[in-house]
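What follows is one structure encoded as structure tokens, with my remarks underneath.
What follows is calculated from the coordinates using simple rules that are stated; it is not laboratory data. It should be emphasised that the depicted structure is a prediction, and the values quoted were computed from it without experimental measurement. Here Cβ is always computed from backbone atoms with ideal geometry, including for glycine, and neighbour counts include all displayed protein chains.
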Amino acid sequence: MAKRKTTTRKSKSQRLTLDEQMMGVEPSVDYFDYSNHNLNSFFSWYNYMYDRKKVNQVIISYAKKFGYKNAPKFSKMYIPGTIAAIIRGLENGVKMPDHKDYPGEGSAGYQKYIHDELRSWNKKAADNLATLLDKDQVVKKKRLSVQENISNKGQLLLGEVDYAIDVWDVEPFDMYKYLSDNKVSSAVANSIVNEYDDMIAEIKEARDGADEQLKEGYSHLSKGEKDEFYNFLLKIKSDTIRYVDMNKPVRKPRKAKAVNAIKAVSKLNYLNEDTNYRVKSIDPSKIIGAKQLWLFNNKTNELIKYDSEDRGGLMVKGTSIQSFNTKTSMSKKLGVKTDHFIDRVLQGGSIVLNKCMSEINSKASEVTGRVNNNMIILKVD
């Protein structure tokens, strides 16, 4: 008689994915019965767990089920991730709190809200199709200029950021991550850098009480909420600037120098990108001949500076920096001001860079020249 195959029973934590262990399982029926659960945490779960492809799948599948003819075309439109979250909540029988447009109706109110939105997108999709099929349109499509293309893509991007601003207190939004995940070009991102300056100035005046009309217009926000909204807008701008700086097109150096430099750094280990601190490594071949090099070690939280020992500049051999001044080159731990000092290095000129290390209140350590996979190549001078 064959032996019965035995299986080891897995614990609950082993059956959960790493993401579920961190974020919890998908919201279910009694999700909002717990005091630490609210709409913010509800939307956060889906924002973390669902990418754009998954959001579109949920929305299109739901729309098809209710007979919206143009549902397949929704993938060409931007529909907020919160819609997919609400749909999944309704499908899972979550007892939703009241929607602001349908007070006292709970989940039924959210059902009405979803169909209001679906009808609107279904009509937009139909209108877009009619425009494409309109025989009065020019048959031969005009080729857009580079600037027109950038402008058009910038407007689409603004529409998505505008939505994030509308729900800033409900749905978390990380501008740098959004730009990075959607592979937005630096040119398009740069085109919207100053778009929210007026709004930033407006909320600042309302917060400071400098304008009575603005103060009245933002009276629905408490002082603390005005501060939060102001900082939220500032971060959208600073993240956009950082993204543009980190993704500027790299010009190819002259061939003779390029071949030698690329060969010299071919074995150098370094970290290409750190999304947590929103930084990318520059082209390592720029180290060759540089007077100064700045690195950031994201594992030890250290800022590292290498000064060249002579006018010939820094060199690289294997996985190490060579020809550096052992007396002035150093590393320092950054502590809680990591973002601040990374910004100082990235945005500062020679005067700022000369003062940077002395501004860090930690003990300087000697450097070995070794570069590893935890290090971002921040800047050369």
> Against the longest principal axis of the chain, how steep is helix 52-65, in degrees 0 to 90 to the nearest 10, with axes from Cα atoms?
Replying inline: 10 degrees
> Out of (i) 4, 16, 22, 23, 18, 12, 5, 1, 0; (ii) 4, 13, 12, 9, 8, 7, 6, 5, 5, 5, 6, 5, 5, 5, 4, 1, 0; (iii) 5, 25, 35, 25, 8, 1, 0, which label holds the value of P(r) over Cα pairs in 10 Å bins from 0, in percent that was computed here?
Replying inline: (i)
> How large is the helix-only mean residue ellipticity at 222 nm for the chain, computed as the sum of -39500 (n - 2.57) over DSSP H runs with n ≥ 4, divided by its residue count, in deg cm²/dmol to the nearest 500?
Replying inline: -14500 deg cm²/dmol
>> Given Cβ point charges of +1 (Lys, Arg) and -1 (Asp, Glu) and nothing else, what value in debye, to the nearest 20, does the dipole of the chain about its Cα centre take?
In response: 2900 debye
> Size of the range 242-381 along its principal axes in angstrom, Cα-based, largest extent first?
Replying inline: 43, 34, 28
>> How far apart, in nanometres, would the label points at V146 and N361 be if each is projected 7 angstrom from Cα along the Cα-to-Cβ direction?
In response: 4.8 nm
> So which trypsin sites (Lys or Arg not before Pro) in the range 150-211 are both in a DSSP loop and have at most 13 other Cβ atoms within 10 Å of their Cβ?
Replying inline: K183
>> Taking a ≥ b ≥ c as the square roots of the Cα gyration tensor eigenvalues, with a/c under 1.5 meaning rounded and otherwise prolate when a/b beats b/c, else oblate, which class fits the range 17-129?
In response: oblate
>> Taking the 0 to 90 degree range and rounding to the nearest ten, how far is the long axis of helix 107-133 tilted relative to the main principal axis of the chain, both from C-alpha atoms?
In response: 80 degrees
> Tilt of helix 350-359 relative to the longest C-alpha principal axis of the chain, in degrees (0 to 90, nearest 10)?
Replying inline: 80 degrees
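For a quick check: sort H340, H115 by the number of other beta carbons within 10 angstrom, fewest at the front.
In increasing order of surrounding Cβ atoms, one gets H340, H115.
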> If each Cα of the range 323-381 is one equal point scatterer, what is log10 of I(q)/I(0) from the Debye formula at q = 0.30 Å⁻¹?
Replying inline: -1.53
> So which GluC sites (Glu not before Pro) in the range 199-234 pass both tests, a DSSP loop state and at most 11 other Cβ atoms within 10 Å of the Cβ?
Replying inline: none
> So how do V345, V146, V25 line up by other beta-carbon neighbours within 10 Å, fewest first?
Replying inline: V146, V25, V345
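Give me S219, S320 sorted ascending by neighbouring Cβ count inside 10 Å, so fewest comes first.
On the way: S219 10, S320 15.
The most exposed by this proxy come first: S219, S320.
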>> Beyond a 22 Å Cα-Cα separation, which of these cross-linked pairs lie in this structure: K305/K363; K64/K177; K280/K332?
In response: K64/K177
